[in-house]
Amino acid sequence: MADLELRKLRKKLRQIETLEHLPRELVPSEVAKVAQKHELRRLVEELLSRTVDEEPQEEHVETSGDCRAASISQPDPDIQPSLQPATASKRKKHKATSQARTALPDETPRSAGRLTDSASASLHPDPYPLQNSQFLVHSLEGHSDLVTCVLIHDTYIISGSWDTSVRVWDVHSQSEVRTLCGHTEGITCLVMVYVDGTKLRSDLLPIGEHVVCSGSSDSSIKVWSLTSGQPLLSIYTFSEVSAITHVPDTKLLISGSDGGKVDVWDLETQENLHSERAHDEKVSALQIHSGLLYSGSLDGSLKIWRVVPSSGALSLQHSCDPLALSLRGLYGLCATTDQLYVATQGSCIKAINWKRDNLTRLSNHNSSSGFVDALAITPDNLLIATGFNIDQGHGYLNIRNVKSGEYLCTVSCSDVSRLLCLAVSCTSDGLCQWVTGGRELLLWEELPRGGALDSSAVRVQFCKDFLRPAPDSDSDHDEEEEDLWEAETEAEPSDMQAEPGIWQRCVLM
């Protein structure tokens, strides 16, 4: 009965999280549900704390995707990590060091075992990217609502928000450079436009300008100069813009709409060159890779198009119809030469060979409930995926090998909320610079490798539970439809009695 009760509590927490991120005011009944969040988390922790009475000394861990299998010894619960507690830099003062103990995202009680550095090393006998790396986490304050999209370009961070503004930040000082105002509703998407004088001749887009495009729920696309902060042009799209991308070295801008249409626009003339009813529901993701356009929708449909640069016409190459049910809730995608990685706001990452309509699930949570909201591929071929710990209410970043999908490590901060969007880059020294958005706009800045431990930094950790196979289920979105908020009879004491189980914990100190 404890397992059933735990599953029910997590469903409610998931539904609350969805309510809190709706782009509208909540009605009184929804506000009442959200108000139960802290009590529900207390009940989850109470249930989980009863599952650690019996723990085996050894277990066999199978791998997810192409990860290696390993026989893992359970660390002694009394062993303390060698690292000191860390805080994120430039965070609010009330988030003190004593409160900054950071749990890696396995939904487990505080009394469970901890993974030590030596145990982590035994899983990775060979060095792996980011091993022993440290990150400073900077909070960039300025937006008054959820940050929905982010970019990194040169020394700039560009962010869009439901507060209707696009803001430009300096990476080095983490300060706001300028605010781009002109939209009348929330910003939904951003894309950089690289102006090539041999491809695009326009008085509106001077050569050498740093140009960014923003899409909004106000049914418009605006093109901005990052140098001056001025709008260069505006395109009325007739429907809410939900996704946007630019075809490199051309004047073509492609947008997706809330109603499922994909439109191709001419940046010189601002004309619509092609309009395609590509999906039945909102176009949630667009990406150009190797001359192909990938479009994804909340309805689970994923399509691959060839773009004709001279005319802007779209030619359908493939539609992943057999995968539509598994991809329901598609929210973001990353294309590589061999496959696609897809975020469906479910508990795992979907790796797809689209030519064969073959799907593999990669573990991103240690329970059947959670969110994968954003994915990105770094210049040195690491796949970064956001995750969210439903039980404790904090976000984290999982790092994988982009070719094999193998889990490598995790960066986590206990006071970080859900991460809705992600952009990645590298410095000239090869150090990582990542930006995430959600309730906060955060810059994750890797410190030079091999240096002394920084007390204000968080350190990359390894959590062996992410080697487990992902649940072979697509129940996340079915659960959203269940009515869990009807009046319930009080459970008998025996209903709350937990059965013995295995719960492990990795803790970042």
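Test each condition in (1) surrounded by 18 or more Cβ atoms within 10 Å (Cβ to Cβ); (2) over 24 Å from residue 361 (Cα atoms) for residue 293 and report the one that comes out false.
It fails just one condition, (2).
Test each condition in (1) at pLDDT 85 or above; (2) open to solvent by 50 Å² or more (accessible area, probe 1.4 Å) for residue 482 and report the one that comes out false.
(1)
Is one or more of the residues making up region 385-407 in contact with a Leu (Cβ under 6 Å, 6 or more places away or on another chain), farther than 30 Å from residue 325 by Cβ and touching a residue at least 24 places away in the same chain (Cβ under 8 Å)?
no
Sort out which residues of region 290-302 are farther than 20 Å from residue 346 by Cβ and of a type outside the set (A, V, I, L, M), and write them in order of number.
290, 291
In region 308-327, how many residues are surrounded by fewer than 20 Cβ atoms within 10 Å (Cβ to Cβ), of a type in the set (A, V, I, L, M, F, W, C) and touching a residue at least 12 places away in the same chain (Cβ under 8 Å)?
Residues that pass the stated criteria total 4.
In region 402-424, what residues are over 30 Å from residue 37 (Cα atoms) and either aliphatic (A, V, I, L, M) or under 15 Å from the mean Cα position of the chain (by Cα) (or both)?
402, 408, 424, listed by residue number.
Working only within region 223-248, note down all residues that are among the small types (Gly, Ala, Ser) and either assigned to a strand (DSSP E or B) or open to solvent by 30 Å² or more (accessible area, probe 1.4 Å) (or both).
If the condition is that a residue be among the small types (Gly, Ala, Ser) and either assigned to a strand (DSSP E or B) or open to solvent by 30 Å² or more (accessible area, probe 1.4 Å) (or both), then 225, 228, 234, 239, 242, 243 are the ones that fit.
Kindly indicate which of 383, 420, 453 is open to solvent by 10 Å² or more (accessible area, probe 1.4 Å) and part of a strand (DSSP E or B).
420
Would you check if there is a residue in region 368-375 being acidic (Asp, Glu) and either open to solvent by 10 Å² or more (accessible area, probe 1.4 Å) or over 23 Å from residue 409 (Cβ atoms) (or both)?
no
Can residue 330 be described as of a type outside the set (Asp, Glu) and open to solvent by 10 Å² or more (accessible area, probe 1.4 Å)?
So residue 330 fails the test.
Here is a yes/no grid of residues against (1) at positive phi; (2) within 23 Å of the chain's Cα centre (by Cα); (3) crowded, with 19+ Cβ neighbours inside 10 Å:
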| position | (1), (2), (3) |
| --- | --- |
| 128 | no, yes, no |
| 135 | no, yes, yes |
| 139 | no, yes, no |
| 143 | no, yes, yes |
| 176 | no, no, no |
| 179 | no, no, no |
| 191 | no, yes, yes |
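Restricting attention to region 280-288, does a residue exist that is surrounded by fewer than 18 Cβ atoms within 10 Å (Cβ to Cβ), modelled with pLDDT under 95 and not hydroxyl-bearing (Ser, Thr, Tyr)?
No; the residues of region 280-288 include none that is surrounded by fewer than 18 Cβ atoms within 10 Å (Cβ to Cβ), modelled with pLDDT under 95 and not hydroxyl-bearing (Ser, Thr, Tyr).
Of the numbered conditions (1) over 19 Å from residue 18 (Cβ atoms); (2) among the aliphatic types (A, V, I, L, M); (3) not in a strand (DSSP E or B), residue 372 satisfies every one except a single condition; which is it?
Failed condition: (1).
Please find, among 418, 468, 449, 439, the residue that is in contact with a Phe, Trp or Tyr (Cβ under 8 Å, 6 or more places away or on another chain) and either among the basic types (Lys, Arg) or at pLDDT below 90 (or both).
Of 418, 468, 449, 439, the one residue that is in contact with a Phe, Trp or Tyr (Cβ under 8 Å, 6 or more places away or on another chain) and either among the basic types (Lys, Arg) or at pLDDT below 90 (or both) is 418.
May I ask you to list pairs of residues, at least six apart or on different chains, whose Cβ atoms are under 7 Å apart, with the first in region 135-155 being farther than 20 Å from residue 427 by Cβ and the second being of a type in the set (Lys, Arg) and part of a strand (DSSP E or B)?
Going by the 7 Å Cβ cut-off, the qualifying pairs are 142/167; 143/167.
Test of understanding: among 126, 163, which residue is of a type in the set (D, E, K, R) and either modelled with pLDDT of 95 or more or touching a Cys at 6+ places or on another chain (Cβ under 6 Å) (or both)?
163
Looking at region 249-266, is at least one residue outside any loop (DSSP other than H, G, I, E, B), of a type in the set (D, E, K, R), open to solvent by 50 Å² or more (accessible area, probe 1.4 Å) and in contact with a strand residue (DSSP E or B) (Cβ under 6 Å, 6 or more places away or on another chain)?
Yes, that holds for at least one residue.
If you check residue 53 against the conditions, is it closer than 21 Å to residue 469 by Cβ, open to solvent by 50 Å² or more (accessible area, probe 1.4 Å) and at pLDDT 50 or above?
No; evaluated as a whole, the condition is false for this residue.
Considering only residues that are assigned to a helix (DSSP H, G or I) and surrounded by fewer than 14 Cβ atoms within 10 Å (Cβ to Cβ), which ones fall in region 35-45?
If the condition is that a residue be assigned to a helix (DSSP H, G or I) and surrounded by fewer than 14 Cβ atoms within 10 Å (Cβ to Cβ), then 38, 39, 42 are the ones that fit.
If you go through region 390-403, how many residues are surrounded by fewer than 24 Cβ atoms within 10 Å (Cβ to Cβ) and within 21 Å of residue 15 (Cα to Cα)?
Residues meeting the conditions: 3.
For region 340-353, what are the residues that are buried (at least 21 other Cβ atoms within 10 Å of the Cβ) and either without any contact (Cβ under 8 Å) to a residue 24 or more places away in the chain or of a type outside the set (D, E, K, R) (or both)?
340, 341, 342, 343, 344, 345, 346, 347, 348, 349, 351, 352 - these are the residues of region 340-353 that are buried (at least 21 other Cβ atoms within 10 Å of the Cβ) and either without any contact (Cβ under 8 Å) to a residue 24 or more places away in the chain or of a type outside the set (D, E, K, R) (or both).
Could you please tell me which pairs satisfy a Cβ distance under 6 Å, a separation of 6+ or placement on different chains, a first residue in region 262-274 that is in contact (Cβ under 8 Å) with a residue 12 or more places away in the chain, and a second residue that is part of a loop (DSSP other than H, G, I, E, B) and open to solvent by less than 10 Å² (accessible area, probe 1.4 Å)?
Note: pairs meeting the criteria are 262/278; 264/312; 273/312; 274/312.
The values are calculated or read from the model by the stated rules, or taken from the named source; none is laboratory data. Keep in mind that this is a model prediction, so the values were computed, not measured. Here the Cβ is made from the backbone with ideal geometry for all residues, glycine too, and neighbour counts use every protein chain on show. Accessible surface areas use protein heavy atoms only, side chains included; no ligands, DNA or RNA. Shrake-Rupley method; radii C 1.70, N 1.55, O 1.52, S 1.80 Å.
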